[in-house]
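**Student:** Take this structure first; my questions come after.
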């Protein structure tokens, strides 16, 4: 589902999700929209103060099928100037751009908030792109407030879903992600939760993050946002280590090895050269070879979506932990 916000200074923002519709959680937000909104249509939620939020169900056909996508990953369809493949998701991307873009234009949504779930043990992860100054400031605010904020009616403590910030060092034009259609964009990713399943703790963590993000946008629009730190600890994307090749049918979506037990569920924890990454069916151990650095921080560990090449190459994502300048433009 997508969310968008209209503010006095941030005039138009979108929030949403559902582009991967085995990820059910973000759709809960649609149930809270005005009752007179037609089923499957965009709805608007006028919030107190200067911010107005609109929602968009990104991939309605995949939602109906309870599938991640029909032909291709929708969240890889928004490269400026063209789409890599045809099919339903490519056409749906055109419709989304017409509704909240075009990407890179003066009339694009001011802020796009994309809501995701993951099967990996990611807690609450705020995903930002390096070009987006507003998203970096928002992530810094969430980091400062995460352990103290209480969302309305929330029953999920922040400690069950610790917050991390994951950064793609990329230009606006090269970013293929749905949130990049807006002038600014940010993604909220919460896990672990199985695909196609609703969990109260994952819903609660998403609501906490969304509550804080909308609060920050309100404060920023009114000129009352608190000062942000000079730098922010982030995990910078370093690409993926591919799954070892499997045997048998080339059409199988299963990897050729298992994630090592010592790595499973240890997202954002250090992995050093020589430590196990995979275990083969015969009991062999494949160790991390240092190709991405002596110490890295795996994320999306055993993410079910990354069994699929359409989601941006299959495997385990590796990151480096750095202090990133928040106010860099």
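**Student:** Any residue at all in segment 276-290 that's surrounded by 19 or more Cβ atoms within 10 Å (Cβ to Cβ) and either assigned to a loop (DSSP other than H, G, I, E, B) or assigned by TED's automatic domain parsing to the domain that holds residue 133 (or both)?
**Tutor:** Yes, that holds for at least one residue.
**Student:** Which of the numbered conditions does residue 140 fail, given that it passes all the others? Conditions: (1) out of contact with any helix residue (DSSP H, G or I) (no Cβ under 6 Å at 6 or more places or on another chain); (2) without any contact (Cβ under 8 Å) to a residue 24 or more places away in the chain.
**Tutor:** Failing condition for residue 140: (2).
**Student:** Among the residues of segment 291-314, what is the count of those that are in contact with a helix residue (DSSP H, G or I) (Cβ under 7 Å, 6 or more places away or on another chain) and buried (at least 19 other Cβ atoms within 10 Å of the Cβ)?
**Tutor:** Looking only at that region, the number is 3.
**Student:** Can you name the residue in segment 230-252 that is in a loop (DSSP other than H, G, I, E, B) and surrounded by 14 or more Cβ atoms within 10 Å (Cβ to Cβ) and, of all such residues, is modelled with the lowest pLDDT? I'd like the intermediate steps shown before the answer.
**Tutor:** Taking segment 230-252 as the starting set, the residues that turn out to be in a loop (DSSP other than H, G, I, E, B) are 230, 242-252.
Now restrict to residues that are surrounded by 14 or more Cβ atoms within 10 Å (Cβ to Cβ): 242-244, 246.
Values: 242: 90, 243: 88, 244: 87, 246: 67.
Among those residues, the one meeting the criterion is 246.
**Student:** Oh, and also: What is the residue count in segment 177-200 for residues that are in contact with a helix residue (DSSP H, G or I) (Cβ under 6 Å, 6 or more places away or on another chain) and assigned to a helix (DSSP H, G or I)?
**Tutor:** Total meeting the criteria: 2.
**Student:** Hey, another quick one. Is there any pair linking a residue in segment 198-212 that is over 22 Å from residue 185 (Cβ atoms) to one that is at pLDDT 90 or above and part of a helix (DSSP H, G or I), with Cβ under 8 Å and at least six apart or on different chains, and which?
**Tutor:** So the pair list comes out empty.
The values are calculated or read from the model by the stated rules, or taken from the named source; none is laboratory data. In this text the structure is predicted, and so the values were computed from the model without any measurement. Neighbour counts are summed over all protein chains in view; Cβ atoms, including those assigned to glycine, are modelled from backbone coordinates with ideal geometry.
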